[in-house]
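Before any comments, here is the structure.
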Amino acid sequence: MTEPLVVPSVLPADFARLGEEVRELCEAGVDRIQWDVMDGVFVPNLTFGPDLIAAARPYSTVGFEAHLMVVEPDELLGRYVDAGCELVIVHAEACRHLHRTLARIRDLGARSGVALNPHTPVDTVAHVLAETDLVLAMTVNPGFGGQAYICAVEPKIARLRRMIDESELPIELEVDGGITEVTIRGAAAAGADVFISGSWMYAYPDGKAAAVKRLRAAAKGEEV
Ligand code: DX5
């Protein structure tokens with residue numbers, strides 16, 4: 001396994017002090033920061049616009065990724081790249097022309113990602129791997145943090161891992177939803193190498209730096 005990446009979602013953060021929250025995540029040693037962008041239509045929640053992310057960008061020493069849980073991502077791609085997101089993830093379920101959308105993200109100068117909801121089959125991405133820098137296998141149904149990890153997704157993660165390895169393309173395999181020091185083990189064993197954590201990391205009693213260390217160790221199968 002490549003070195004596992006630990007990427008917090010800022011969904012549980014104190015939105016009244018987002019700049020400081022971003023700075024604290026960087027000080028905790030995270031690899032990137034994920035912004036869960038929700039439009040209230042694709043998912044029943046509403047969150048971050050590009051201007052808010054742009055305001056937080058100067059506080060960060062790590063890259064930003066935008067997880068677009070929105071119905072018309074093509075209209076927003078440039079806004080989130082301009083806001084400072086170096087990786088933009090769209091949902092396959094929201095794209096009429098996924099191949100073109102992923103190519104457009106790259107044309108804008110960002111890395112491209114495609115997310116699959118728990119019910120969406122892996123073949124959905126079989127013909128777009130050459131346009132993709134990251135595949136995100138959702139381990140919850142998107143819209144809210146603090147949900148239970150869906151372990152039934154693990155065989156799907158394993159199939160995605162085989163598909164990516166056979167392609168010999170440098171594609172990251174990310175999981176998002178219900179990731180804790182326990183569930184990360186199954187996701188990593190199935191082949192994931194990038195791990196989104198929100199509520200567990202924010203609730204960890206010894207702080208975010210200790211949480212990051214525990215997640216990395218657990219992903220590598222080390223005793224924690
Ligand atoms: C769901 C969100 C969450 C979030 C992580 O739409 O994408 O998965 O990032 O939330 P936790 O870690 O609290 O499940």
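The values are calculated or read from the model by the stated rules, or taken from the named source; none is laboratory data. Fair warning: this is a prediction, and the values are worked out from it, not measured in the lab. Neighbour counts are summed over all protein chains in view; Cβ atoms, including those assigned to glycine, are modelled from backbone coordinates with ideal geometry.
The residue that is surrounded by the most Cβ atoms within 10 Å (Cβ to Cβ), among those in the range 94-137 that are assigned to a loop (DSSP other than H, G, I, E, B) and of a type in the set (A, V, I, L, M), is Ala110.
Scanning the range 203-224 for residues that are assigned to a loop (DSSP other than H, G, I, E, B) and on the phi < 0 side of the Ramachandran plot gives Tyr204, Pro205, Asp206, Lys220, Glu222, Glu223, Val224. In the range 1-58, which residue that is under 30 Å from Ala190 (Cα atoms) and charged (D, E, K, R) is nearest to the ligand (Cβ to nearest atom)? Across the range 1-58, the extreme among qualifying residues is Asp36. Summed over the range 138-166, the residues that are in a helix (DSSP H, G or I) and among the β-branched types (Val, Ile, Thr) give a count of 3. Name the single residue that is surrounded by the most Cβ atoms within 10 Å (Cβ to Cβ) among those in the range 37-64 being touching a Phe, Trp or Tyr at 6+ places or on another chain (Cβ under 7 Å) and not hydrophobic (A, V, I, L, M, F, W, C). Ranking the qualifying residues of the range 37-64, first place goes to Pro50.
Scanning the range 185-202 for residues that are within 11 Å of the ligand (Cβ to nearest atom) and touching a residue at least 40 places away in the same chain (Cβ under 8 Å), we see that the one that is surrounded by the most Cβ atoms within 10 Å (Cβ to Cβ) is Ser197. Filter the range 146-173 down to the residues that are surrounded by 15 or more Cβ atoms within 10 Å (Cβ to Cβ) and touching an Asp or Glu at 6+ places or on another chain (Cβ under 8 Å), then identify the one that is nearest to Ala115 (Cα to Cα). Within the range 146-173, the match that is nearest to Ala115 (Cα to Cα) is Leu173.
Out of Ala130, Ala115, Ala92, one residue alone is at pLDDT 95 or above and over 19 Å from Ile196 (Cα atoms). It is Ala130. Considering the range 125-170, the residues that are more than 16 Å from the ligand (Cβ to nearest atom) and of a type in the set (Ser, Thr, Tyr) include one that is nearest to His91 (Cα to Cα), namely Thr132. Just give me the residues in the range 66-99 being out of contact with any Leu (no Cβ under 7 Å at 6 or more places or on another chain) and farther than 25 Å from Asn141 by Cα, in sequence order. Once the filter is applied, which keeps residues that are out of contact with any Leu (no Cβ under 7 Å at 6 or more places or on another chain) and farther than 25 Å from Asn141 by Cα, the range 66-99 yields Arg79, Asp82, Ala83, Gly84. Checking each residue in the range 168-224 for being among the hydroxyl-bearing types (Ser, Thr, Tyr) and under 29 Å from Val128 (Cβ atoms) picks out Thr183, Ser197.
Of all residues in the range 51-91, count the ones that are assigned to a loop (DSSP other than H, G, I, E, B), of a type outside the set (A, V, I, L, M) and at negative phi. Count: 3.
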